[in-house]
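A.B. asks: Take a look at this one; I'll ask things after.
The values are calculated or read from the model by the stated rules, or taken from the named source; none is laboratory data. Since this is a predicted model, take the numbers as computed values, not measurements. Here the Cβ positions follow ideal geometry from the backbone for every residue, glycine too, while neighbour counts run over all protein chains shown. Heavy atoms of the whole protein, side chains included, go into the accessibility calculation; ligands, DNA and RNA do not. Shrake-Rupley method; radii C 1.70, N 1.55, O 1.52, S 1.80 Å.
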Amino acid sequence: MNYHIIPVTAFAQNCSVIWCESTREAALVDPGGDADLIKETLEQRQLKPSQILLTHGHLDHVGAAVELAAFWQIPIVGPQKRDAFWLEALPTQSRMFGLDECAPFTPDRWLEEGESVQVGLTTLEVLHCPGHSPGHVVFFDWPGRLLISGDVIFNGGVGRTDFPQGDHQQLIDAIRTKLLPLGDDVTFLPGHGPISTLGHERISNPFLQ
Ligand SMILES: [Zn+2]
């Protein structure tokens, strides 16, 4: 699985474009904003977007999802349904973050632990990792050793848990029991900041010591 990160919005949220080399089919993970920039990138790389994947319902991760889904006529997939309240509260989130008004929406498909999504010839496994938000999911390409981790784990940090229905212990438990066992060699693309590996974080991340 190939990837390219596009930082979007005032929050420098990492919108990840991932694609299958053989089919050029792509998925957009967490298009939080800057729809035109995302469209240009896909055009330049001659990729065919087939779906939008959402890790969770925070505005900086979903802000451009509806516009891009309509533009390419593709479905919005994820997060897990316990994040429905975040998607319903998008107008409030827009005011809270000082960003353009974003209308509430329901994805075409909610995701559950153990389900998978297909991007070209690559299968991504879905893991439910609550704590930063209750319905947060991550996507894992087993053979490619690539994880898209949203706001669960960062290079040197973990997601905030001071939002409604956040839970720090639940977040740390999800990282310890679901993510670290995937293997030290796994590279992850976080929702903010530089990429890292699970091995690097297992040893040096201050929240996991
Ligand atoms: Zn978030």
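A.B. asks: Where is the GNM fluctuation largest for the chain (alpha-carbon springs, 10 angstrom cutoff): 118, 46, 13?
C.D. replies: 46
A.B. asks: Which sequence of 86, 142, 72 reflects their accessible areas, 1.4 Å probe, from the largest down?
C.D. replies: Greatest to least solvent exposure: 142, 72, 86.
A.B. asks: What FRET efficiency, computed as 1/(1 + (r/R0)^6) with R0 = 35 Å and r the Cβ-Cβ distance, is obtained for residue 70 and residue 123, rounded to the nearest 0.05?
C.D. replies: 0.85
A.B. asks: Pop out the ³J(HN,Hα) list for the stretch 5-10 in order, Karplus 6.51 cos²θ - 1.76 cosθ + 1.60 with θ = phi - 60°, rounded to Hz; leave Gly and Pro as x.
C.D. replies: Those phi angles translate into 9, 10, x, 10, 6, 5 Hz.
A.B. asks: Quick check: residue separation of residue 23 and residue 85 times 0.36 nm, minus the Cα distance between them. What number comes out in nm?
C.D. replies: 18.7 nm
A.B. asks: Something else now. Any chance you could list the semi-axes, whole Å, largest first, of the equivalent ellipsoid that the Cα gyration tensor gives for the stretch 134-209, using √(5λ)?
C.D. replies: Each semi-axis is √(5λ); the values are 19, 13, 11 Å.
A.B. asks: Return a whole-number percent for the relative contact order of the stretch 117-164, with Cα pairs under 8 Å and 6 or more residues apart as the contact set.
C.D. replies: It comes to 28 percent, rounded to a whole number.
A.B. asks: Quick check on the chain: take the gyration tensor over C-alpha atoms, sort the square-rooted eigenvalues as a ≥ b ≥ c, and tell me if it's rounded (a/c under 1.5), prolate or oblate.
C.D. replies: Oblate.
A.B. asks: Same structure again: Please build a GNM for the chain, connecting alpha carbons under 10 Å apart, and tell me which residue among 61, 168, 128 fluctuates the most.
C.D. replies: Of 61, 168, 128, the Gaussian network model singles out 168 as fluctuating most.
A.B. asks: Hey, rough spin-label estimate for residue 207 and residue 176, points 7 angstrom out along Cα→Cβ, what's it come to in nanometres?
C.D. replies: According to this spin-label approximation, the distance is 1.4 nm.
A.B. asks: Check each of the GluC sites (Glu not before Pro) in the stretch 4-75 and keep only those in coil by DSSP with at most 10 other C-beta atoms within 10 angstrom; list them in order.
C.D. replies: Filter output for the stretch 4-75: empty list.
A.B. asks: State the answer as a single residue: which of 116, 13, 180 lies farthest towards the positive end of the charge dipole of the stretch 2-204, with beta carbon charges of +1 for Lys and Arg and -1 for Asp and Glu, about the Cα centre.
C.D. replies: The one lying farthest along the dipole's positive direction is 180.
A.B. asks: What residues have an amide H closer than 5 Å to that of residue 192, excluding those fewer than 5 places away on the same chain, when H is modeled at 1.01 Å from N in the peptide plane?
C.D. replies: Amide H neighbours of residue 192, under 5 Å, 5+ apart: 14.
A.B. asks: Which of 140, 11, 71 moves the most in a Gaussian network model of the chain with Cα springs under 10 Å?
C.D. replies: 71
A.B. asks: Continuing with the same structure: Residue 15 accessible area, nearest 10 Å², 1.4 Å probe?
C.D. replies: For residue 15, solvent-accessible area is about 0 Å².
A.B. asks: Once you put a point 7 Å from the Cα of residue 113 and another 7 Å from the Cα of residue 163, both along the Cβ direction, what distance in nm separates them?
C.D. replies: Spacing of the two 7 Å Cα→Cβ label points: 2.1 nm.
A.B. asks: Per residue, what accessible area does the chain have, given a 1.4 Å probe and all protein chains present, in Å²?
C.D. replies: For the chain, the per-residue accessible area is 42 Å².
A.B. asks: Further question: What full-extension length gain, to one decimal in nm, is calculated for residue 185 and residue 101 as 0.36 nm per residue of separation minus the Cα-Cα distance?
C.D. replies: 26.2 nm
A.B. asks: Okay, next question. Can you tell me the relative contact order of the stretch 90-152? Whole percent, Cα pairs under 8 Å, sequence separation 6 or more.
C.D. replies: 19
A.B. asks: Explain nothing, just the number: relative contact order of the chain, from Cα pairs under 8 Å at least 6 residues apart, as a whole percent.
C.D. replies: 16
A.B. asks: Ignoring ligands, DNA and RNA, what percent of the accessible area of the chain is carbon or sulfur (1.4 Å)?
C.D. replies: So the carbon and sulfur contribution to the accessible surface is 53 percent.
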